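Colleague: Mind having a look at this structure? Questions to follow.
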Amino acid sequence: MALLFFGTDPNSGGGNCPAAWVDTEATEGPELVLQGKLADTATRAACSQDSPPADDEGVIRISVRMVDQIRKACDAAEAARPQL
């Protein structure tokens with residue numbers, strides 16, 4: 001697994017959650033890897049109405065302060081994918 005780190009929330013204070021990476025060696029092409037706080041029960045229930053998560057999925061919350069890191073990760077993932 002090759003994870004490219006793009007950063008954490010600039011206000012996290014401890015260099016931890018939330019964070020963004022790109023896995024450039026994922027089986028089906030580059031994937032975003034995001035770390036965030038687990039959503040509360042009410043948020044998970046509301047999200048499940050639109051898209052019930054599979055057993056291996058979860059709902060997380062990420063601050064809008066992460067937009068720059070996520071945008072950079074998205075750009076890198078898109079650039080790394082094989083051209084169709």
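The values are calculated or read from the model by the stated rules, or taken from the named source; none is laboratory data. Remember, predicted model here, so these are calculated numbers, not experimental data. Reconstructed Cβ throughout: ideal geometry from the backbone, glycine too, with neighbour counts over all protein chains shown. Just so you know, the surface numbers come from the protein's heavy atoms only, side chains and all, with ligands and any DNA or RNA stripped out. Shrake-Rupley method; radii C 1.70, N 1.55, O 1.52, S 1.80 Å.
Colleague: So, in the stretch 5-61, how many residues would count as being out of contact with any helix residue (DSSP H, G or I) (no Cβ under 6 Å at 6 or more places or on another chain), among the β-branched types (Val, Ile, Thr) and under 25 Å from ARG81 (Cβ atoms)?
Modeller: Total satisfying the criteria: 4.
Colleague: Shifting gears a bit: Restricting attention to the stretch 59-69, report how many residues are assigned to a loop (DSSP other than H, G, I, E, B) and within 11 Å of the chain's Cα centre (by Cα).
Modeller: Qualifying residue count, the stretch 59-69: 2.
Colleague: Pick from the stretch 15-61 the residues that are at pLDDT below 90 and open to solvent by 50 Å² or more (accessible area, probe 1.4 Å): which of them is nearest to LEU3 (Cα to Cα)?
Modeller: Per the stated criteria, the residue is THR24.
Colleague: When the residues of the stretch 1-14 are narrowed to those that are surrounded by fewer than 17 Cβ atoms within 10 Å (Cβ to Cβ) and touching a Lys or Arg at 6+ places or on another chain (Cβ under 8 Å), which ends up nearest to LYS72 (Cα to Cα)?
Modeller: Of everything passing the filter in the stretch 1-14, PRO10 is nearest to LYS72 (Cα to Cα).
Colleague: Scan the stretch 48-84 for residues that are within 20 Å of CYS17 (Cβ to Cβ), touching a residue at least 24 places away in the same chain (Cβ under 8 Å) and not aliphatic (A, V, I, L, M) and report the count.
Modeller: Residues meeting the conditions: 7.
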